[in-house]
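Following: one structure in C-alpha cells, then a few remarks.
The values are calculated or read from the model by the stated rules, or taken from the named source; none is laboratory data. Here the structure is a predicted model, which is why all the values come from computation and not from measurement. Cβ sites come from the backbone with ideal geometry, for glycine too, and all protein chains shown count toward neighbours. To get the accessible areas, we keep the full protein, side chains included, count just its heavy atoms, and leave off ligands, DNA and RNA. Shrake-Rupley method; radii C 1.70, N 1.55, O 1.52, S 1.80 Å.
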Amino acid sequence: MKKICIVTGTRAEYGLLKPIIKKIQESKTMELHLVVTGSHLSPEFGKTYQEIESDGFVNNFKIEMLMSSDTSVGITKSMGVCLIGLADCFNSINPDMVIILGDRYEMLMAATAAMIARIPIAHIGGGEITEGAYDDAIRHSITKMSQLHFAATEEYRNRIIQLGEKPERVYNVGALGVENTKKVLLWTKTELEKDLQFEFDNNTVIITYHPVTLDNLSSQEQFANLLKAMDKRSDLRIIFTKANADTDGRVINQMIDEYVDKNKERCVAFTSLGQVRYLSALQFCKAVIGNSSSGIIEVPSFHKPTVNIGNRQQGRIAAESVIHCGYSCKEIETAMETALSKEFNNQILKCKNPYEGDNTSSTIIHVIKEFLDNGIGVKKQFYDLININHI
C-alpha cells in the first residue's frame, strides 16, 4: 500500500478535494492519510473539520496553527507554527506522496516540509494567474517544489512547462470544482430554504468577498464600496459567505455581520455553507458577486452571471458569463445592472465553461498510481525552453 498524504486548510479547498480523498480512501493500493489544519480547526471560521468527519473521513493529523491576529505578522507566525507541525506529521507518516491543491500559505508550508523531507508532491491547480494576491507567488513556488502537476486548462499547463517543468509530468485535467457541479447531488429549493432558513426569490444574489492582499486600497475600503452598491439595490436578497483567514479577513467578516444586522429582512450570512449547500444555492441565485475563484471556475457551469470585483482574480481565464469591474461603487453598480439584466442572462445561457474537464478526479488518481508504481523520485531537471527553441 502506498501512503498518500492530503493536506487541507480551508473549507473551499476541502470541497474540491473531496472526490480525490474518497477515491484514495476506497483504493486497494493506496492508504489515505488526511492532514487538517488552518481555518478548519478554528471556531471563528466554523470548525469545518467537523464537516470532514461527518463525511466519513478520519483526520489523521490536526495541526493547530492560526494566531488570533490576521495581520501580516500574525499570518507569518501562523505559517511558522504550521511548518513545525507538518514537519512532525510527515516524519510520523512517512508518506510516498503528498497531494496539495491550490495556492494558500498553508499549502506553501506543506510543500516546503515535503520538499525538505524528500517526499514527492502532486500539485493540483498550478499555472494560473491571480495578480491581485500573494497567492500568485505561492502557487508558482509550489510548482517548483512539485514532481507532478495537474492543470485546469491547456494554457495553464503550458505556463507550468514555461516554469521549467517537463511536459510529460504536466497534465491538463480540467477543474475539480467543475466536476463537482456535475456529480454532487444537489438539494431542492425547498430543502435548501428550510436548512438555511432563508427564502430565495428571482432577485437573490450570493456575495463572496475575500481580502486582496497586494492592493494599496484596504480591504475595508474595497468592501465598503460593495456594501454601498448593495444599499442602492434594496430589491435584492443577499446570502453572504464569509471571508477566509487571509490578512484583514476578520475586518470583512465584521462588516458583513454589521450589514446583516441592519438588513435582517433581506440578508443572511454564513461562516461556511459547505460544498453541497453552496453549489445548491448557485442553482437558485440570480448572480454571484465578489472576488472568489468560485465565481470564475464553478459558477459558469450554472449559466449564472458573475460580477468579479477588482484585481484578486486578474489573469485567470474567464467565461463570457463573468463581468469584470473595478472597486468603485459606480463600477460595481454598473456591472450589477448588466449581470441582472434579462439580455445578459439570455446571452450566457449557452456559454461554455473553459475549466470543463473529463473525469478530472479519476484522471488525477490514475496518473498518481502510474507514477508511484513506476517509481517517482524528487530530483528534477529544469525543462529549458530557451535551449529547446534553439535546437
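Data for the structure
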| read-out | value |
| --- | --- |
| Selected residue (criterion: least open to solvent (accessible area, probe 1.4 Å)) from residues of segment 242-259 that are touching a strand residue (DSSP E or B) at 6+ places or on another chain (Cβ under 7 Å) and modelled with pLDDT of 95 or more | ILE256 |
| Pair list, Cβ under 7 Å, 6 or more apart: segment 235-256 residue within 12 Å of VAL212 (Cβ to Cβ) and hydrophobic (A, V, I, L, M, F, W, C), other residue outside any helix (DSSP H, G or I) and open to solvent by less than 30 Å² (accessible area, probe 1.4 Å) | ALA243/TYR209; ALA243/HIS210; ALA243/PRO211; ILE252/TYR209; ILE252/PRO211; ILE252/ALA243 |
| Residue that is nearest to GLY132 (Cα to Cα), among those in segment 196-236 that are of a type in the set (Ser, Thr, Tyr) and touching a strand residue (DSSP E or B) at 6+ places or on another chain (Cβ under 6 Å) | TYR209 |
| Number of the condition not met by LEU83 [criteria: (1) at pLDDT 95 or above; (2) open to solvent by less than 50 Å² (accessible area, probe 1.4 Å)] | (2) |
| Residue satisfying all of: in segment 351-391; open to solvent by 60 Å² or more (accessible area, probe 1.4 Å), assigned to a loop (DSSP other than H, G, I, E, B) and free of Cβ contacts under 8 Å to residues at least 24 places away in the same chain; farthest from LEU236 (Cα to Cα) among these | ILE391 |
| Answer residue from segment 232-241, given it is more than 21 Å from SER293 (Cα to Cα) and in contact with a helix residue (DSSP H, G or I) (Cβ under 9 Å, 6 or more places away or on another chain) and is most open to solvent (accessible area, probe 1.4 Å) among those | LYS232 |
| Single match in ILE52, ILE93 (criterion: of a type in the set (Val, Ile, Thr) and under 20 Å from the mean Cα position of the chain (by Cα)) | ILE52 |
| Members of segment 36-53 that are of a type in the set (A, V, I, L, M, F, W, C), touching a Ser or Thr at 6+ places or on another chain (Cβ under 7 Å) and within 22 Å of SER92 (Cα to Cα) | VAL36 |
| Scope segment 177-208; condition touching a Phe, Trp or Tyr at 6+ places or on another chain (Cβ under 9 Å), open to solvent by less than 20 Å² (accessible area, probe 1.4 Å) and not hydroxyl-bearing (Ser, Thr, Tyr); matching residues | GLY177, VAL178, LEU192, LEU196, PHE200, ILE206, ILE207 |
| Residue identified as crowded, with 16+ Cβ neighbours inside 10 Å, modelled with pLDDT of 95 or more, assigned to a helix (DSSP H, G or I) and under 19 Å from the mean Cα position of the chain (by Cα) among ALA110, ALA122 | ALA110 |
| Any chance ILE256 is out of contact with any Gly (no Cβ under 7 Å at 6 or more places or on another chain) and part of a strand (DSSP E or B) | no |
